[in-house]
Amino acid sequence: MSHFPSLNAPTAWRRIALVSDLHLGAQAPRTTQTFIDWLADVAREADALFILGDLFEAWIGDDLLDPAALGVAPDEAACAQDIAAALRDFADSGHALFVQHGNRDFLLGSQFAQATGAHLLPDPVVLTFQGQRIVLTHGDLLCTADTAYQQFRATVRNAAWQRQVLARPLAARAQQALALRTASSAAQARPENWADADPQEARRWLTAAGSAWMIHGHTHRPRNHWGSGLLRQVLADWDCDAAHGAQARAQALWLIAQGRGVEVSPRCCV
């Protein structure tokens, strides 16, 4: 990774909120509603919201936003359209909205961006805020030890492969997504299968980007990793639909301008 696209925050920005791994969809109604409620309320304290991947549990194509989709995949389409409307309302109220692709919603495209007012971000990207260069990434590219996944990722990010998939009927894509989600849930039930980011790869990225600060999601292992003057912050995933007795998770990381510096504040969203 030798070249990093960049984004310079306007000087007027004073507060930035970052989230990742919300995994929204019909299968997670409480988490989805929590996010919609947060967008309409506390999130509006932010000048900009960055969603670093996996906004959706699965995104089978922007045609989920078409009215006709309600007759093909009613639950997922209705949920997708509710979320899109909430994002559009957030953007229309004067807040900047940025979305990176994750490993679950890599098919998010121009129709989604137009419907929501979101800017689709490259991965990785360097955000400059208050003089700080911050590497933002979903995080899956850092999991270099998972070679099978990296091969899969290269395939599904190929434009020709995506065109072929999106040419299939929406109903067929919905069925395939259901089968993949079932298989994924079985694999995630075994923690030994969870890949983690490679610290050496992260350091290489930071060096190449001329940065000492990285923020990412994907691994569902929220923690601040310090070493040799470098900081790698891992965002928490969201889950308000867990089994009875489990604590709901919904958190945003806030970057707040303080003088010439940045205050970092994790805040619960429930």
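Of all the residues in the stretch 1-55, those that are buried (at least 19 other Cβ atoms within 10 Å of the Cβ) and among the acidic types (D, E) number 2. Of all residues in the stretch 64-85, those that are buried (at least 19 other Cβ atoms within 10 Å of the Cβ) and either free of Cβ contacts under 8 Å to residues at least 12 places away in the same chain or out of contact with any Gly (no Cβ under 7 Å at 6 or more places or on another chain) (or both) total 7.
Scanning the stretch 91-124 for residues that are free of Cβ contacts under 8 Å to residues at least 40 places away in the same chain and part of a strand (DSSP E or B) yields a count of 2. Got a sec? Which of P122, P169 is surrounded by fewer than 16 Cβ atoms within 10 Å (Cβ to Cβ) and under 22 Å from S6 (Cα atoms)? Selected residue: P122, the only one of P122, P169 that is surrounded by fewer than 16 Cβ atoms within 10 Å (Cβ to Cβ) and under 22 Å from S6 (Cα atoms). Scanning the stretch 64-93 for residues being touching a Lys or Arg at 6+ places or on another chain (Cβ under 9 Å) and of a type outside the set (A, V, I, L, M) gives a total of 2. Pairing each residue of the stretch 249-270 that is closer than 19 Å to L127 by Cβ with any residue that is of a type in the set (V, I, T) and part of a strand (DSSP E or B), provided the two are 6+ apart or on different chains, yields C-beta distances under 6 Å for A252/V19; L255/I16; L255/V262; E263/I256.
Taken together, the values in this text are just the output of simple stated rules run on the coordinates, not laboratory data. Worth saying up front: this structure is predicted, and the values here are computed from it rather than measured. For neighbour counting, all protein chains shown are included, and Cβ atoms are generated from backbone atoms with ideal geometry for every residue, glycine included.
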